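The values are calculated or read from the model by the stated rules, or taken from the named source; none is laboratory data. Bear in mind that the values here come from a model prediction, so they are computed numbers and not experimental data. Methodologically, a virtual Cβ is constructed for each residue, glycine included, from the backbone with ideal geometry; neighbour enumeration extends over all protein chains shown. Accessible surface is based on the protein model in full, side chains and every heavy atom, while ligands, DNA and RNA are left aside. Shrake-Rupley method; radii C 1.70, N 1.55, O 1.52, S 1.80 Å.
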Amino acid sequence: MRLIDKLENKFGRIAIKHLMLYVCICYAVGYVLFITNNYGVLDALSLNAEKILHGQVWRIVSYLVQPPTSARPLFFFITLYFYYMIGRYLEYQWGAFKFNVYFFSGMLLNVIAAIVIFLIFGINMPMSVYFLNLSLFMAFALEQPDRYMLLFFIIPFKAKWFALIDAIYFGTAVLFGFLSLGVRLPDGLITFLSRIGINPSPTAATAAVIAMMNFIIFYFVFKVGGKSSSRQQNQKQYQYNPYGNANRSGNNNQNNQRGAYTSQAGPTRIPRHRCAICGKTEFNAPNEDFRFCTSCEGAFEYCSEHLHNHKHVYRDKDGNLKRD
């Protein structure tokens, strides 16, 4: 059993459900403080390594009120909804505990990055929620690489291409940041990097690497995205026939047929999405839009036909999954 699964079995009951809703409320509070010119309050709640080391420990958590953008209200709420959607999807996909660990470890790493920079370089670098939100998006893009998003609200663009652009941007900032420690970068290159929003400095590179360690740890140590999550395994463990009876999946032919598709040209492929009622997947219905039902215990997906037309799943007193 993986370490993250052992931790979930032991501490899963204390996980905060719907965490991203509370995070977005914090962002909204910070945005209200910003547009009402309460900069003194925002400064008192911001992430400041020097003041944390002098006893203002509330900043470890309170910096979450910093809004992810200072754009006009319409674009702020669009941004807020975007991050809410990403967070809610990751919580459905991984479960509340894993998402809690991922998010709070990202918060803590932001604090560690600010303190490390202050102790090593003597610079009190302001750390926003940028890297925290970037780690959420990168995780979402790995889980849903082919999910379409609208570039400039018009052009459909797959999440994996957005993530690739972010990865290149992130890698460039880290590369030239550490390179500037021993090499004098040409003025023209520094100007170009500055115009695209990259500060080629070792402090910025250090902050970026430390703040994104939660993404690296989860995908190369815990392997949340690399293997089936507990909720995905739960879907494979229980299969439902159209009459609503729950059956454990074993090595029976029915489950093998519904769970995998083998072509003559290649190996067995496991679908990422499957309707818990009719068994429809992205292989036999490539244009179908699959969604989780928030009222079902265990996070089961449904096609558009059965999303609002099914009996909900619950656990009885013996812990068995059943439908209403």
Quiz prompt | Carbon + sulfur, % of accessible area of the stretch 26-128 - ligands and nucleic acids excluded, 1.4 Å | solution = 71 percent
Quiz item: For the stretch 1-136, what does the equivalent ellipsoid look like in terms of its semi-axes, each the square root of 5 times an eigenvalue of the Cα gyration tensor, given largest first in whole Å?
Solution: 26, 21, 12
Self-check item: Whichever aspartates and glutamates have a C-alpha closer than 20 Å to that of Lys311, once near sequence neighbours (fewer than 8 apart) are set aside
Solution: Asp289, Glu297, Glu301, Asp324
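Quick one: length gained pulling His18 to Thr191 fully straight, 0.36 nm per residue minus the C-alpha distance? Spell out each step's value before the answer.
Values: separation 173, 0.36 × 173 = 62.28 nm, distance 4.28 nm.
Between His18 and Thr191, full extension yields 58.0 nm more.
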Quiz item: What percent of all Cα-Cα pairs in the stretch 98-145 falls in each 5 Å bin, counting up from 0?
Solution: 5, 20, 23, 20, 14, 10, 5, 2, 0
Quiz item: Over the stretch 129-197, what percent of the accessible surface lies on carbon and sulfur atoms, probe 1.4 Å?
Solution: 73 percent
Practice problem: Taking 7 Å along the Cα-to-C-beta vector as the label spot, tell me the Glu297-Val183 distance in nanometres, rounded to one decimal. | Solution: 5.9 nm
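Would you calculate the volume per residue, in Å³, of the smallest convex hull containing every Cα atom of the stretch 103-216? Don't jump to the answer; show the numbers that get you there.
Details: hull volume 12.8 nm³, N = 114.
Residue-normalised Cα hull volume stands at 113 Å³.
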